[in-house]
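Report on one structure; see the data block that follows.
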Amino acid sequence: MMIYLNTSLKHALFGLAALSAMSTYSEAHAHAVLTDQAALSGSYYKGAVRIGHGCEGSATTGVKLFIPSGFEGAKPQPKTGWSLKITKAKLAEPYQSHGKTVSEDVVAMEWVASSKDAALPDGAFDEFAFMTKLPEKAGPVWLRVLQTCEKGQNDWAEIPASAEIHEMKMEGNVMKMAPIPFLDLPAGKVVELKPGGFHVMLMPASCGCARRWH
């Protein structure tokens, strides 16, 4: 499913979409999430796509992020051992930036492993950072991510049908995640939802994968 962003009263929440086609168990369990899922609409936002593991047990060799309409001047952060591919397109509605009219802008950015050694192993995770100016209008936005691996790919392009609270934790060198039946909200205390702990998991209608550890 796609990564998600919601701008509400100048406040934004982001997220990635889920897999659009989950034909195998391993595909359904491959995750891509945004590290920072909150920002101010109309502001400059620096975020990162976190890739949890590969496809069918194979290493990740490419990560492509599709930039939604209304995002301005998107830029990827270079990554050692990975090359960058930028795709631009004509805008339906040009915008003004620093006194100039912008009629063409970035619509996709891709990180590609320069060698087999640079590829992200299935048993590891990493982040692919970018910066962009967010739309002034508040509201939800979904970002699509295409993950390419040595074997197959995961197209995170489906908007989820439901959401669950999950807990993520490390067991040795393995990151595991599972749903929890409820989340305690003690009076007078802050309960934070964030990557690496309690977080919201957005699930597509066809996926039963949230019922077990990964």
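The values are calculated or read from the model by the stated rules, or taken from the named source; none is laboratory data. Since the structure is predicted, the reported quantities are computational estimates derived from the model, not experimental observations. Every residue, glycine as well, gets a Cβ built from its backbone with ideal geometry; the counts of neighbours run over all protein chains shown.
Things worth noting here:
- Within region 39-59, tally of residues that are aliphatic (A, V, I, L, M) and either free of Cβ contacts under 8 Å to residues at least 24 places away in the same chain or not in a loop (DSSP other than H, G, I, E, B) (or both): 4
- Count - residues of region 54-87 that are more than 17 Å from Leu120 (Cβ to Cβ), in contact with a strand residue (DSSP E or B) (Cβ under 6 Å, 6 or more places away or on another chain) and not hydroxyl-bearing (Ser, Thr, Tyr): 9
- Summed over region 194-205, residues that are in contact with a strand residue (DSSP E or B) (Cβ under 9 Å, 6 or more places away or on another chain) and modelled with pLDDT under 70 total 8.
- Answer residue from region 59-77, given it is surrounded by fewer than 18 Cβ atoms within 10 Å (Cβ to Cβ) and of a type in the set (S, T, N, Q) and is nearest to Gly196 (Cα to Cα) among those: Gln77
- Within region 145-180, considering residues that are within 23 Å of Glu192 (Cβ to Cβ) and among the small types (Gly, Ala, Ser), the one modelled with the highest pLDDT: Ala178
- Meets criteria (of a type in the set (Ser, Thr, Tyr) and surrounded by 12 or more Cβ atoms within 10 Å (Cβ to Cβ)) for Ser103: no
- Flag for Ile51 being over 18 Å from Asp126 (Cα atoms) and either β-branched (Val, Ile, Thr) or at pLDDT 95 or above (or both): no
- The strands (runs of 3 or more DSSP E) located wholly in region 83-159 that include 2 or more residues which are under 27 Å from Gly57 (Cβ atoms) occupy 100-113, 126-133, 145-149, 153-158.
- Residue within region 64-78 that is touching a Gly at 6+ places or on another chain (Cβ under 6 Å), under 30 Å from Lys169 (Cα atoms), at pLDDT 95 or above and not hydrophobic (A, V, I, L, M, F, W, C) present: no
- Qualifying residue in region 89-101 (condition: among the small types (Gly, Ala, Ser) and at pLDDT 95 or above): yes
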